[in-house]
Amino acid sequence: MPLAVAAHGTLSDESLARIPSAGADFDIYKGKLLAPILIPRVPGTPGSQAAQQHFVRFFQEQLPAWEIEWHNSTATTPATGDKLIPFANLIFRRDPPWAAPGDVARLTLAAHYDSLYRPEGFIGATDSAASCAMLMHVARSIDAALTAKWEAAKASGQAGSGLEEERGVQIMLLDGEEAWVKWSATDSLYGSRALAEAWESTPYAPLSTFASPLGSISLFVLLDLLGARSPSVPSYFQTTHWAYQRMASLEQRMRKLQLLASATAKQFLPDFGKAMTQFGRGFVEDDHVPFMARGVDILHLIPHPFPPVWHTMADTGENLDISTVDDWAKIVTAFTAEWMDLDSLLPTIPAQHEIRETAKTEL
Ligand code: 1BN
Ligand code: ZN
């Protein structure tokens, strides 16, 4: 157990105003983050490899401080006979530079990048290309502030003092979430089942704070089916309702400060006031299941009802509501910045990457 848990602060209004929009990078035709993901991404196909390359290149080129981990597995599926299909999860991680890997509690932001095998040509813009692009934006929006935070801790001699819990962040882009024929315990969640199992059975060094990478997940935030207009995401779990409330209150404050662009009558996260007695046992099966079964805390950001385009050929870039995609990216960025205690460390807008882009176009 950590010796002491640092109290997290709340992001100030000034910090909220500094949360960047992704702007043109969420353009569905030319946007640097989103457009390359709007292709069929069936596991083991060239589209899947193109998506993987897009994620890896982005981190290698724009965010070199993030460690990249591939987690590969294979499985047969009921649609493809005896052939072994490859599944590749990608994990992008930033820990405090002085910390041993087994001593870091990591906020874990996840989305799946595979798309349905059938109907052929299915894109899955809400399912879950948009969520992957959002997570790329979150990473770049907190990168400089994380560096500043850890540099300041080193300079003040507080780094590694044991007085504060070590906090890191990781982004998981998961493969093989979709069923190939019909959703079941064996035909679904190919990537996340393999990953949760592998991480549970990979021990950290003796005397580490956490027993395994599975145990180091402080909260597993899963984004799915986001990007359609006017979403309503309920609070699914009593145990993490406090985390839901933190995100809902950030949404509410950003709306009041007119920092969100989408036109919606209702909050994306309407359940702030849900009473503890109102939580049932119902939930939507998704990539969190193998982690939840092993005791990990889950915040599931999936709308109810699902978007009307769900699992149809209409789940395309054209049917995304880009202001909603951008607003989700900002809300999740604010949540992550608050979790990582980045108040006052966020750079003023325009963000670094926007400056770099401008410099490039001027050359
Ligand atoms: C989410 C997006 N899911 C699939 N694509 C998970 C799901 C499981 C949805 C069971 C409905 C039923
Ligand atoms: Zn799906």
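Worth a mention:
- Label sites at Gln278 and Arg253, each approximated as a point 7 angstrom past Cα along Cα to Cβ, lie 2.3 nm apart.
- Listed residues Thr316, Thr45, Thr126, most fluctuating in the chain (Gaussian network, C-alpha, under 10 Å): Thr45
- Size of charge dipole - the range 200-303 - debye, nearest 20, with Cβ of Lys, Arg +1 and Asp, Glu -1, no other charges: 540
- Given charges at beta-carbon only (K, R positive; D, E negative), |dipole| of the range 81-231 in Debye: 300
- Packing, as the average of other Cβ atoms within 10 Å across residues, places the peptides 220-226, 255-261 in the order 220-226, 255-261, highest first.
- Taking the chain as a Gaussian network of alpha-carbon nodes connected by springs under 10 Å, the highest mean-square fluctuation of the residues Asp82, Asp297, Asp114 belongs to Asp82.
- Put a plus charge on the Cβ of each Lys and Arg, a minus charge on the Cβ of each Asp and Glu, and nothing anywhere else: the dipole of the chain about its Cα centre is then about 320 debye.
- Taking the DSSP beta bridges with both ends in the chain, the antiparallel portion is around 45 percent.
- Hits among lysines - C-alpha to C-alpha of Lys149 under 21 Å, sequence gap 8 or more where chains match: Lys330
- Ordering Met254, Met313 from the fewest to the most neighbouring beta carbons within 10 Å gives Met313, Met254.
- Over 27 Å between alpha carbons, listed pairs Lys83/Lys182; Lys182/Lys266; Lys30/Lys182; Lys32/Lys256: Lys182/Lys266; Lys30/Lys182; Lys32/Lys256
- A quarter of the convex hull surface defined by the alpha-carbon atoms of the range 59-160 gives 8.7 nm² as the mean projection.
- Ratio Rg/Rh, restricted to the range 1-121 and using Cα atoms, in which Rh is the Kirkwood radius: 1.05
- The peptide list 237-246, 273-282, put in order of mean Cβ contacts within 10 Å with the highest first, becomes 237-246, 273-282.
- Order by protection proxy (mean Cβ within 10 Å, highest first), peptides 135-147, 64-76: 135-147, 64-76
- Cα-based Kirkwood hydrodynamic radius, the range 138-243, one decimal, Å: 17.6
- Loop-located trypsin sites (Lys or Arg not before Pro) in the range 11-77, at most 10 other Cβ atoms within 10 Å (DSSP): Lys30
- Mean separation of Cα pairs under 8 Å and 6 or more residues apart, divided by the residue count, gives the range 245-358 a relative contact order of 38 percent.
- With 10 Å bins beginning at zero, the pair-distance distribution over Cα atoms of the chain amounts to 5, 25, 35, 26, 8, 1, 0 %.
- Dividing the mean sequence gap of close Cα pairs (under 8 Å, 6+ apart) by how many residues the range 98-168 holds gives a relative contact order of 47 percent.
- For the chain, with +1 on Lys and Arg beta carbons and -1 on Asp and Glu, the positive-most of Ala228, Gly191, Ala211 along the dipole: Ala228
- Estimated [θ] at 222 nm from DSSP helical runs (n ≥ 4, -39500 (n - 2.57)) normalised by residues in the chain, nearest 500: -9500 deg cm²/dmol
- Average Cα contact separation per residue, the chain, under 8 Å, 6 or more apart, as relative contact order %: 26
- Over all pairs of different C-alpha atoms in the range 259-306, the reciprocal of the mean inverse distance, the Kirkwood hydrodynamic radius, equals 13.4 Å.
Quick note: the coordinates plus some simple rules give every number you see, no bench work behind them. Keep in mind that this is a model prediction, so the values were computed, not measured. Reconstructed Cβ throughout: ideal geometry from the backbone, glycine too, with neighbour counts over all protein chains shown.
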